[in-house]
Structure formats: C-alpha cells, structure tokens
Amino acid sequence: MKKLANFITKIIDFFYLPFSKLLPEQLFRYAACGGGNMLLDWVLYFLIYNFVIGHELIRFSIFNHPMAITPHIATLCIVFPITLFTGFWLNKYVTFTQSTLHGFRQLLRYILIVALNLAINYFGLKLCVEYWGWYPTPSKMFITIITIFISFFGQKYYSFRK
C-alpha cells in the first residue's frame with residue numbers, strides 16, 4: 001500500500017510545480033486527494049442513484065414495523081462507507097504523512113469529522129431535495145463544497161495533527 005501511496009504522491013507532486021508559489025504542498029495534496037475522492041463520491045452517487053436504486057423508495061421492516069428510505073438517502077448510505085475509507089487512506093498516506101498520532105486514533109478522529117460531514121450531508125440533502133425541490137446529484141455537489149472546508153481544517157488540526 002505504501003508503494004501505491006508513493007506513486008500517487010509522485011503524480012500529485014508532478015502537477016504541484018506550477019502551483020508551488022500559490023499553495024503550500026500539503027494544501028495542494030489535500031485538494032488533489034480530496035478532489036479525487038469527491039469525484040469518486042459523485043460518480044458512485046450518480047451511478048447507484050440512477051442505475052442501482054432506480055429512484056425508488058427502499059421499503060423494509062424492522063421488528064414488523066414497516067419503514068422506507070428515500071432513494072437519495074439510501075444512495076448516500078451505500079456510497080458513504082466507500083469514500084470514508086478511500087478518503088482516510090489518502091489523507092493518512094498522501095496528505096498528512098507527518099502526523100505522529102497512532103493510526104487507530106487517526107481513524108477514530110477522522111470518523112468523527114466525517115460523521116459531522118455526514119450529518120451536514122443528510123440534512124442538506126433533505127433540505128435541498130425535499131424542501132427546495134432540487135435534483136439529488138447537484139444537491140450532493142453543492143453540499144460537498146460546504147463540507148470541504150470543515151473537513152480540511154478538522155483533518156489538519158484534529159485527525160492528523162503533529
């Protein structure tokens with residue numbers, strides 16, 4: 001896995017040169033890794049929402065109590081764990097490599113920041129899709145832009161601090 005991380009880092013650093021006077025290296029790596037993970041998130045969200053879930057309510061029961069999840073929230077629940085772990089891996093091994101915190105502690109802290117972002121995503125999707133009538137995929141993109149800032153500062157100063 002370290003070889004893959006080194007390979008990704010070399011690719012990102014190759015593209016960093018023109019931006020070296022504008023951005024610190026760590027911020028550029030964060031943007032590249034976060035951008036790649038965000039793109040993965042958006043593509044998975046679009047594909048699963050449109051071709052797996054199929055715009056249908058997900059109906060199920062728990063202890064004989066019928067329940068339903070809206071398709072945009074069900075898609076979020078499927079995509080979230082995938083991008084949680086790809087994001088953690090990229091942050092740990094490419095972006096915030098100087099952190100001296102133990103890996104498990106980093107993961108727990110990372111999950112806390114991501115949980116905050118998940119709550120923002122959940123309530124943001126509810127607001128955008130169910131109250132404002134926006135399409136789910138652009139709503140997800142809009143909310144992601146908001147959570148980028150929360151995530152960077154949370155990861156830098158809490159999850160992966162030195």
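The values are calculated or read from the model by the stated rules, or taken from the named source; none is laboratory data. Bear in mind the structure is a predicted one, so any value in this text is a computation, not a measurement. As a convention, Cβ positions derive from the backbone with ideal geometry for all residues, glycine included, and neighbour counts pool all protein chains shown. Side chains included, ligands, DNA and RNA excluded: accessible areas come from the protein's heavy atoms. Shrake-Rupley method; radii C 1.70, N 1.55, O 1.52, S 1.80 Å.
If I filter the stretch 109-133 down to residues being of a type in the set (A, V, I, L, M, F, W, C) and within 14 Å of TYR45 (Cβ to Cβ), which single residue comes out as modelled with the lowest pLDDT? Once the filter is applied, the top-ranked residue is LEU118.
With ARG109, ARG105 as the choices, which residue is over 13 Å from the mean Cα position of the chain (by Cα), open to solvent by 60 Å² or more (accessible area, probe 1.4 Å) and of a type in the set (D, E, K, R)? Working first, answer last.
Values: ARG109 fails: open to solvent by 60 Å² or more (accessible area, probe 1.4 Å).
Checking each option against the conditions leaves just ARG105.
From MET38, MET67, grab the single residue that is closer than 27 Å to PHE14 by Cα and not polar (S, T, N, Q). Of MET38, MET67, the one residue that is closer than 27 Å to PHE14 by Cα and not polar (S, T, N, Q) is MET38. In summary, THR70 fulfils each of the numbered conditions (1) open to solvent by less than 50 Å² (accessible area, probe 1.4 Å); (2) hydroxyl-bearing (Ser, Thr, Tyr); (3) in contact with a helix residue (DSSP H, G or I) (Cβ under 7 Å, 6 or more places away or on another chain) with the single exception of condition (3).
Any residue at all in the stretch 3-14 that's open to solvent by 80 Å² or more (accessible area, probe 1.4 Å), part of a helix (DSSP H, G or I), over 22 Å from ILE145 (Cα atoms) and of a type in the set (Val, Ile, Thr)? So that I can check it myself, show each step before the final result.
Filtering the stretch 3-14 down to residues open to solvent by 80 Å² or more (accessible area, probe 1.4 Å) leaves 3-4, 6-7, 10, 14.
Within this subset, residues satisfying the condition of being part of a helix (DSSP H, G or I) are 3-4, 6-7, 10, 14.
Filter again for over 22 Å from ILE145 (Cα atoms), leaving 3-4, 6-7, 10, 14.
Then drop every residue that is not of a type in the set (Val, Ile, Thr), which leaves none.
Looking for residues that are open to solvent by 80 Å² or more (accessible area, probe 1.4 Å), part of a helix (DSSP H, G or I), over 22 Å from ILE145 (Cα atoms) and of a type in the set (Val, Ile, Thr), one finds none in the stretch 3-14, hence no.
Screening VAL114, VAL129 for residues that are touching a Pro at 6+ places or on another chain (Cβ under 8 Å), among the β-branched types (Val, Ile, Thr) and crowded, with 19+ Cβ neighbours inside 10 Å leaves exactly one candidate, VAL129. Here PHE85 qualifies as under 16 Å from GLN155 (Cα atoms), under 11 Å from the mean Cα position of the chain (by Cα) and surrounded by fewer than 16 Cβ atoms within 10 Å (Cβ to Cβ).
Residue by residue through the stretch 24-53, note down the ones that are open to solvent by 50 Å² or more (accessible area, probe 1.4 Å), closer than 15 Å to ILE82 by Cα and among the aliphatic types (A, V, I, L, M). Don't jump to the end; show me each part of the working.
Quick first cut of the stretch 24-53, residues open to solvent by 50 Å² or more (accessible area, probe 1.4 Å) only: 24-25, 27, 31, 39-40, 42-43, 46-47, 51-52.
If we keep only those that are closer than 15 Å to ILE82 by Cα too, we end up with 39-40, 42-43, 46-47.
LEU39, LEU40, VAL43, LEU47 - these are the residues of the stretch 24-53 that are open to solvent by 50 Å² or more (accessible area, probe 1.4 Å), closer than 15 Å to ILE82 by Cα and among the aliphatic types (A, V, I, L, M).
Taking the stretch 81-129 as the range and being within 15 Å of ILE145 (Cα to Cα) and aromatic (Phe, Trp, Tyr) as the test, the residues that pass are TYR122, PHE123.
Consider THR75 carefully, then state whether it is at pLDDT 90 or above, more than 28 Å from PHE28 (Cβ to Cβ), touching a Leu at 6+ places or on another chain (Cβ under 7 Å) and buried (at least 18 other Cβ atoms within 10 Å of the Cβ). It would help to see each step written out before you state the result.
Numbers: at pLDDT 90 or above: yes; more than 28 Å from PHE28 (Cβ to Cβ): yes; touching a Leu at 6+ places or on another chain (Cβ under 7 Å): no; buried (at least 18 other Cβ atoms within 10 Å of the Cβ): yes.
Criteria not met by THR75.
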